[in-house]
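Derivation of every value follows stated rules applied to the coordinates shown; laboratory data play no part. A quick note: this is a predicted structure, and the numbers were derived from the prediction, not measured. Don't worry about glycine lacking a Cβ; one is built from the backbone with ideal geometry, like all the others, and counts go over all protein chains shown.
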Amino acid sequence: MKLRVLLSLFISALVIVSVNAQETTDQDLLDRIKPVGKVHVAGAAPAAAAGPRTGKQIYDGACVACHTSGVLGAPKLQVAADWKPRLDEKGFEQVWKNAVNGINAMPAMGTCGDCTEEDIKVAVEYMIEGI
Ligand code: HEC
């Protein structure tokens, strides 16, 4: 009889210990897989920039990949020959809207995930500066 009591005490203790061990393991696992640090791409605009970003910051962060070299016929940065026919034909508002909604190979919002429509406007204004 005494042995059975001891045995059940022992088993209860074992259960408690193993439940605790499981919790520790889960927490350890979460600690192990959490990101070590946030990656910052050189030249990209900081994600949590204070205040509104400039057109250049937005351009450098999201648009530069296609609009510098003219990938897939993208109008190049501040190149009048690329922009003037578009602006003359559609007007600024429509050109801006097309950047927001996407047009042909131009992705909606220019792939800028955290941009507002106003950010896109400022970026387009930067892209056509001096034209
Ligand atoms: C994946 C490549 C790519 C990226 C990234 C990209 N663009 Fe474009 N963009 C294009 C291409 C290609 C066109 C030409 C589309 C056409 O008229 O056929 C274009 C056209 C445009 C136009 C002209 C639209 C019109 O109606 O003529 C504007 C404005 C524009 N992009 C703004 C932006 C802005 C602002 C960003 C960044 C926030 C951006 N783009 C990012 C590829 C890109």
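For this structure, a couple of remarks:
- Selection count where residues are more than 8 Å from the ligand (Cβ to nearest atom) and either of a type in the set (G, A, S) or within 18 Å of V64 (Cβ to Cβ) (or both), scope the stretch 114-127: 5
- Among the residues making up the stretch 82-113, those that are within 6 Å of the ligand (Cβ to nearest atom) and not in a helix (DSSP H, G or I) are I103, N104, A105, M106, P107, C112.
- Under the condition of being within 13 Å of V124 (Cβ to Cβ) and more than 9 Å from the ligand (Cβ to nearest atom), the residues counted in the stretch 55-81 number 3.
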